[in-house]
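The values are calculated or read from the model by the stated rules, or taken from the named source; none is laboratory data. Please read all numbers here as calculations on a predicted model, not as lab measurements. Neighbour counts are summed over all protein chains in view; Cβ atoms, including those assigned to glycine, are modelled from backbone coordinates with ideal geometry.
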Amino acid sequence: MRTKIVAGNWKMNLTFEEADNLVDELMSELEQITLPRDVKVVLCPPAVYLEMVSDYAGDSYFMVGAQDVSEHEGGAYTGEVSAAMLASCEADYCIVGHSERRTYHGESDQVVAAKASRLLEHGLMPIVCVGEQLSDRDAGQQLAVVQRQVEGSLFHLDSNQIQQVVVAYEPVWAIGTGRTATAAQAQEMHQHIRSLLAAKYGQAVADEVSILYGGSCKPSNAAELFACPDVDGGLIGGASLKAKDFMAIINAIIG
Ligand code: 13P
């Protein structure tokens with residue numbers, strides 16, 4: 001059975017003290033519930049807080065993820081953070097190919113593919129983001145656009161590696177806008193992504209890959225989205241910064 005995941009992408013928010021308080025609050029809430037074995041909570045703080053957050057976790061209540069990684073192994077790349085460094089700070093996951101990186105930092109599928117490879121080489125699980133722009137959807141091109149991203153970012157991996165990958169479908173028009181994909185739109189795209197994986201790696205392998213939805217996912221719509229057969233959880237932005245909202249989304253996946 002594939003893993004259900006609720007991951008919080010804090011993006012470039014919170015001071016150290018605010019981040020510390022948020023984890024503290026989440027810990028006390030998580031201590032009061034029992035997560036089913038197939039449900040994982042992942043916190044993705046800014047890289048400078050990774051160690052602080054992973055010190056809290058000890059893997060007992062939540063896992064820790066970074067928000068980006070260098071495509072390079074190491075060396076003279078000022079300001080970059082390598083997969084080896086993330087592994088040494090006890091990160092378990094790392095987001096790659098977020099639309100904010102694709103848009104503001106010009107990341108191509110080729111770069112995203114290289115980043116996913118670096119992570120896998122160091123035992124981290126990549127959360128690989130794909131998603132169409134509003135103009136793509138208006139032109140009826142959303143399935144084709146996401147297909148290109150899936151092929152370009154993931155299809156260099158072998159079938160063992162792909163099972164270590166989490167895919168996140170984040171329609172760009174839904175990110176931070178308050179406008180969520182409907183459950184039907186999410187299910188259509190998630191099914192499409194799974195069918196692409198099945199065509200390349202076989203159905204049994206595709207059935208093991210968790211596919212998360214991201215984009216204005218919040219307590220009021222999480223349960224409906226998570227009820228879709230191919231939606232295996234969420235990658236949460238704004239609502240992951242408030243302990244109560246994030247816990248409500250975690251409770252929605254537990255059902
Ligand atoms: P919001 O939940 O704030 O729309 O952000 C989604 C996202 O980009 C998560 O990676």
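Of the candidates GLY255, GLY176, GLY215, the single residue that is surrounded by fewer than 23 Cβ atoms within 10 Å (Cβ to Cβ) and in contact (Cβ under 8 Å) with a residue 40 or more places away in the chain is GLY176.
Within the range 89-101, take every residue that is under 20 Å from SER60 (Cβ atoms) and not hydrophobic (A, V, I, L, M, F, W, C) and give me the one that is nearest to the chain's Cα centre (by Cα). Step through it out loud before you land on a result.
First, pick out the residues of the range 89-101 that are under 20 Å from SER60 (Cβ atoms): 89-93.
The next check asks that each one be not hydrophobic (A, V, I, L, M, F, W, C); those that pass are 90, 92-93.
Working: GLU90: 17, ASP92: 12, TYR93: 8 Å.
Among those that are under 20 Å from SER60 (Cβ atoms) and not hydrophobic (A, V, I, L, M, F, W, C), it is TYR93.
Reported count of residues in the range 177-195, each being within 16 Å of the ligand (Cβ to nearest atom), among the polar types (S, T, N, Q) and assigned to a helix (DSSP H, G or I), is 1.
Residues are listed down the side, and each one gets a yes or a no for (1) more than 28 Å from SER216 (Cα to Cα); (2) among the β-branched types (Val, Ile, Thr):
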| position | (1), (2) |
| --- | --- |
| SER60 | no, no |
| VAL64 | no, yes |
| ALA76 | yes, no |
| GLY79 | yes, no |
| SER82 | yes, no |
| ALA91 | no, no |
| GLU107 | no, no |
| VAL111 | no, yes |
| SER117 | yes, no |
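Of the set (1) within 16 Å of the ligand (Cβ to nearest atom); (2) over 21 Å from ALA19 (Cα atoms), all apply to VAL205 but (1). Taken together, the residues in the range 1-18 that are within 16 Å of the ligand (Cβ to nearest atom), more than 16 Å from HIS98 (Cα to Cα) and in contact with a Ser or Thr (Cβ under 7 Å, 6 or more places away or on another chain) amount to 1.
Screening ALA223, ALA198, ALA248, ALA239 for residues that are over 20 Å from GLY97 (Cα atoms) and more than 16 Å from the ligand (Cβ to nearest atom) leaves exactly one candidate, ALA198.
Criterion first (surrounded by fewer than 21 Cβ atoms within 10 Å (Cβ to Cβ), more than 28 Å from GLY215 (Cβ to Cβ) and more than 16 Å from the ligand (Cβ to nearest atom)) does ASP55 satisfy it? Considered against the rule, which asks whether it is surrounded by fewer than 21 Cβ atoms within 10 Å (Cβ to Cβ), more than 28 Å from GLY215 (Cβ to Cβ) and more than 16 Å from the ligand (Cβ to nearest atom), ASP55 comes out as yes.
Restricting the range 208-220 to residues that are within 16 Å of the ligand (Cβ to nearest atom) and not in a strand (DSSP E or B), the residue that is nearest to PRO126 (Cα to Cα) is SER210.
One line per residue, one yes/no per condition, for (1) more than 15 Å from the ligand (Cβ to nearest atom); (2) of a type in the set (Val, Ile, Thr); (3) within 18 Å of the chain's Cα centre (by Cα); (4) at pLDDT 95 or above:
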position: VAL146; (1), (2), (3), (4): yes, yes, yes, yes
position: GLU151; (1), (2), (3), (4): yes, no, yes, yes
position: HIS156; (1), (2), (3), (4): yes, no, no, yes
position: TRP173; (1), (2), (3), (4): no, no, yes, yes
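Scanning the range 112-144 for residues that are touching an Asp or Glu at 6+ places or on another chain (Cβ under 7 Å) and part of a strand (DSSP E or B), we see that the one that is farthest from the ligand (Cβ to nearest atom) is MET125.
Quick check on the range 114-154: of everything there that is among the basic types (Lys, Arg) and in contact with a Ser or Thr (Cβ under 9 Å, 6 or more places away or on another chain), which residue is surrounded by the fewest Cβ atoms within 10 Å (Cβ to Cβ)? Can you show your working first?
Pass one, the range 114-154, residues among the basic types (Lys, Arg): 115, 118, 137, 148.
With in contact with a Ser or Thr (Cβ under 9 Å, 6 or more places away or on another chain) added as a condition, the list becomes 115, 118.
Working: LYS115: 25, ARG118: 22.
Only one residue fits best here, namely ARG118.
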